[in-house]
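A short worksheet on the structure shown next.
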Amino acid sequence: MDEGFVKGDKVEVCSKQDGFFGSYFEAKVLSKLPRGSFYKVKYKNLVTEGEDPMPLIEIISADEIRSMPPKLFQPSTFRRHDKVDAFDLDAWWFGEIIGQKGDMFSVYFPTTNDVCEYPLERLRRHLDLVNGQWISSAARQRLLRF
C-alpha cells in the first residue's frame, strides 16, 4: 500500500524471498523514484557483503513497503496465543506465543511452521495495518466477525 512516503521516513520492507517470506526489515526512505511506484531505501540492519560492509540500499516496489508500526508500551509478559512479532535474523517475524519457560517465550511461526525461543526484549505486540490504521490482531478478528 503506497502511503506516499518521503525522504527520511522510517518504514518496514516486506521480504518475498524464499526463507524470508513475510518478514519485515526496518529501513529509511532515501527517495521515491520519478516513474512508477518504487522507492530507494537504506536498511537499518542489512549490510552489503565484502571487506567494508555498508548499509544495504535497494529499490523496492511500493507494495512491499509500509509505515513503521507505532511504538507501544512493552508488556512485562505475554500470554499463550498472543500474536507477536519476534526480532530474528535482522527482521521482524509474525508469530504466536505458545508457551513460556522462565524468561523465554516459545513462539510458533505459521509461515515456516517453526518454533523458536525468545526473551521479552526481542518481542513486540503484533499489529495489522488495515485501511491505513494500525490495529491489534484481536481488534482485527472482531472486525472480521461483522
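Looking only at the range 37-62, residues that are surrounded by fewer than 12 Cβ atoms within 10 Å (Cβ to Cβ) and touching a residue at least 40 places away in the same chain (Cβ under 8 Å) come to 0 in all. Within the range 19-33, is there a residue that is β-branched (Val, Ile, Thr) and more than 16 Å from the chain's Cα centre (by Cα)? Scanning the range 19-33 turns up no residue that is β-branched (Val, Ile, Thr) and more than 16 Å from the chain's Cα centre (by Cα).
Listed by first and then second residue, the pairs with beta-carbon distance under 7 Å, at least 6 apart or on different chains, first residue in the range 69-94 and surrounded by fewer than 20 Cβ atoms within 10 Å (Cβ to Cβ), second among the small types (Gly, Ala, Ser) and outside any loop (DSSP other than H, G, I, E, B), are 80/99; 83/137. With the condition kept exactly as written, say whether any residue in the range 87-97 is over 16 Å from the mean Cα position of the chain (by Cα), at pLDDT 95 or above and not polar (S, T, N, Q). For the range 87-97, residues over 16 Å from the mean Cα position of the chain (by Cα), at pLDDT 95 or above and not polar (S, T, N, Q): present. Based on what the data block shows, is residue 77 hydroxyl-bearing (Ser, Thr, Tyr), assigned to a loop (DSSP other than H, G, I, E, B) and more than 22 Å from residue 27 (Cβ to Cβ)? Criteria met by residue 77.
Could you look through the range 82-99, keep only residues that are touching an Asp or Glu at 6+ places or on another chain (Cβ under 9 Å) and not in a strand (DSSP E or B), and pick out the one that is farthest from residue 113 (Cα to Cα)? Checking each candidate, the answer is 90.
The residue pairs whose first member lies in the range 110-137 and is assigned by TED's automatic domain parsing to the domain that holds residue 100, whose second member is loosely packed, with under 13 Cβ neighbours inside 10 Å and hydrophobic (A, V, I, L, M, F, W, C), and whose beta carbons are closer than 7 Å, counting only pairs six or more residues apart or on different chains, are 111/21; 125/72. Of all residues in the range 116-128, at least one satisfies being on the phi < 0 side of the Ramachandran plot, in a strand (DSSP E or B) and of a type in the set (Ser, Thr, Tyr). In the range 16-63, the qualifying residues are those that are assigned to a strand (DSSP E or B) and of a type in the set (Gly, Ala, Ser), and the one that is farthest from residue 108 (Cα to Cα) is 31.
Considering only residues in the range 100-112 that are under 18 Å from the mean Cα position of the chain (by Cα) and polar (S, T, N, Q), the one that is surrounded by the fewest Cβ atoms within 10 Å (Cβ to Cβ) turns out to be 111.
The values are calculated or read from the model by the stated rules, or taken from the named source; none is laboratory data. These numbers were taken from a predicted model, which means no experiment stands behind them. Virtual Cβ from ideal backbone geometry, glycine too; neighbours counted across all protein chains shown.
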